[in-house]
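Below you'll find the structure, written out as structure tokens, and then a few comments.
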Amino acid sequence: MFEIYPNPVNHILNITKVSDQAKYKIYNRLGRLIYQFINCTLPMSKKTNKIMLIDKNLLSRYGATTDLYKPKDIIFGEGDTPKYYYQIISGDIKLNHIDENAREIIISLLKTGDSICEFLLLLDTKYPVNATVMTESTILKITKANFAEMLNSHPEIVLDVCKFVSERLHHNVIKTKNITSPFAEVRIKAMLNFFKDLNNNDKTDYSFQVPLTRQQLAAITGLRTETVIRCIKKLEREKFLKIHNHKIFI
């Protein structure tokens, strides 16, 4: 029996006790083959840490340009007309809405490899949210017309995009279900578990650093920041989470 270690992996994946001529295939989360190799050690940090929804070289062939953004920059605003397909090469983006009381509601968090509201390119509608930069980010974009041409010429991409949209819808359904509880503590625990399950393969206690401030947790759960702070302290006493240097670990 062959062995694979470590699991999860960030940098080096080792595979032992197999034939030197054994062949391996690595698939992304959409089930698409991204790498094949024969030797038993694969540098994962170079091959799989930044898996793109659509290959960057393919986007470049359809006229993709690169934009650099700083934190708090707006990629597009609520009410704007979709004109481009956007793909995150590096960085973190939030989709948010500002309500009538000037309170921020975070709809979704996007990371390296994700696309931004790509499904709206197929609809005759406006953006219902803002796309706001959270960390220094690099974004590839191609025009709506070139995106449609690329999909027509590469039907395999359509399946990848459909799978990605389906995955995102599934996660949003789970998130929506969890934040409807009338109890603040239940909302916060469910949201923290949601992000850990979505972004971390290691399920041991305190293995995942939550990439959100207390204010952002409030914006996602629909709670007041003061309520989130009180609940976080209570959950720390209950050993549901751990706080180190003001960071939350679950």
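The values are calculated or read from the model by the stated rules, or taken from the named source; none is laboratory data. Not measured: the values here are computed from a predicted model. Because the Cβ atoms are built from the backbone with ideal geometry, glycine has one as well, and the counts that use them run over all protein chains shown.
Here are the numbers for the structure shown:
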{"item": "Options Thr132, Thr112, Thr138; residue that is surrounded by 17 or more Cβ atoms within 10 Å (Cβ to Cβ), within 19 Å of Ala64 (Cα to Cα), in contact with a strand residue (DSSP E or B) (Cβ under 8 Å, 6 or more places away or on another chain) and of a type in the set (Val, Ile, Thr)", "result": "Thr112"}
{"item": "Checklist (1) within 30 Å of Ile51 (Cβ to Cβ); (2) modelled with pLDDT of 90 or more; (3) not acidic (Asp, Glu) applied to Arg237, failing item", "result": "(1)"}
{"item": "So Thr213, is it at pLDDT 90 or above, surrounded by 15 or more Cβ atoms within 10 Å (Cβ to Cβ) and among the polar types (S, T, N, Q)", "result": "no"}
{"item": "For Glu167: the one exception among (1) in contact (Cβ under 8 Å) with a residue 12 or more places away in the chain; (2) touching a helix residue (DSSP H, G or I) at 6+ places or on another chain (Cβ under 7 Å)", "result": "(2)"}
{"item": "Count of region 116-129 residues which are surrounded by 17 or more Cβ atoms within 10 Å (Cβ to Cβ) and of a type in the set (D, E, K, R)", "result": "1"}
{"item": "Check on Ile98, surrounded by fewer than 17 Cβ atoms within 10 Å (Cβ to Cβ) and modelled with pLDDT of 95 or more", "result": "no"}
{"item": "Every residue from region 141-164 that is basic (Lys, Arg) and closer than 26 Å to Leu68 by Cβ", "result": "Lys141, Lys144"}
{"item": "Count - residues of region 234-243 that are touching a strand residue (DSSP E or B) at 6+ places or on another chain (Cβ under 6 Å) and either surrounded by fewer than 14 Cβ atoms within 10 Å (Cβ to Cβ) or outside any loop (DSSP other than H, G, I, E, B) (or both)", "result": "2"}
{"item": "Within region 80-168, strands (runs of 3 or more DSSP E) holding 3 or more residues that are within 19 Å of the chain's Cα centre (by Cα) and among the aliphatic types (A, V, I, L, M)", "result": "104-110"}
{"item": "Selection within region 176-233 - outside any helix (DSSP H, G or I), in contact (Cβ under 8 Å) with a residue 24 or more places away in the chain and among the β-branched types (Val, Ile, Thr)", "result": "Ile179, Val210"}
